[in-house]
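Below: the structure, in structure tokens.
Values quoted throughout were computed directly from the atomic coordinates according to the rules given, and no laboratory measurement underlies them. Since this is a predicted model, take the numbers as computed values, not measurements. Virtual Cβ from ideal backbone geometry, glycine too; neighbours counted across all protein chains shown.
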Amino acid sequence: MSPFPGLVPDESVDGVAHLIQTALTPVFMLSGIGTLLNMFNTRLARVSDHIETVRDKLENADDKGSNSAAVLLRRLTHLHYRTLLLDAAILFGGVGGASACGSAFALFLGSVRDSAIAWWLVLMFGNALVCTVIALGMFLGDSIVAWHGLRVTTFLPHKQEMLESQVD
């Protein structure tokens, strides 16, 4: 007889091990999502700092119609796209984290009440996975916009420019 009736679905070691493995999966996922959110927020803070720097340079530009002002405006546009992508990544990461918490809670309720909560688990954990994938997709979008921005604002040489410099 189990000292905790209803908490352990089966008194075998395999049953207890399976319960522990199942309960820890959302917790590990939540830890990973928390790390991603921290990285997304740090990256967003850096982009915000870049926006302030570019705006200051734009305000101090001698001629608002100059070529350098156009480059700065283009840089601001790229930074704006990056903030939108990072905001979406943070939003979906937060929803994914909340869903991971919900699936851990559903597992807890299911083990305590010995009730059928399978569809809640599938819904919550599935939502956590989908939102995490979307958040990573938004992060990839931010990375692509950042790489493109480096090329457009001539921080990195274009392939043609590299070839021309080798010929000279």
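Computed over neighbours whose Cβ is under 15 Å from that of G141, the net charge equals 0, Lys and Arg +1, Asp and Glu -1. Projected label points at E52 and M39, each 7 Å from Cα along the beta carbon direction, are separated by 2.5 nanometres. Once the other residues with Cβ under 14 Å from the Cβ of H50 are scored (Lys, Arg +1; Asp, Glu -1), what is the net sum? Net local charge, H50 excluded: +3.
Couplings 3J(HN,Hα) of the range 74-80, computed from phi: 5, 5, 4, 4, 4, 5, 5 Hz, in residue order, whole Hz [Karplus 6.51 cos²θ - 1.76 cosθ + 1.60, θ = phi - 60°; x for Gly and Pro].
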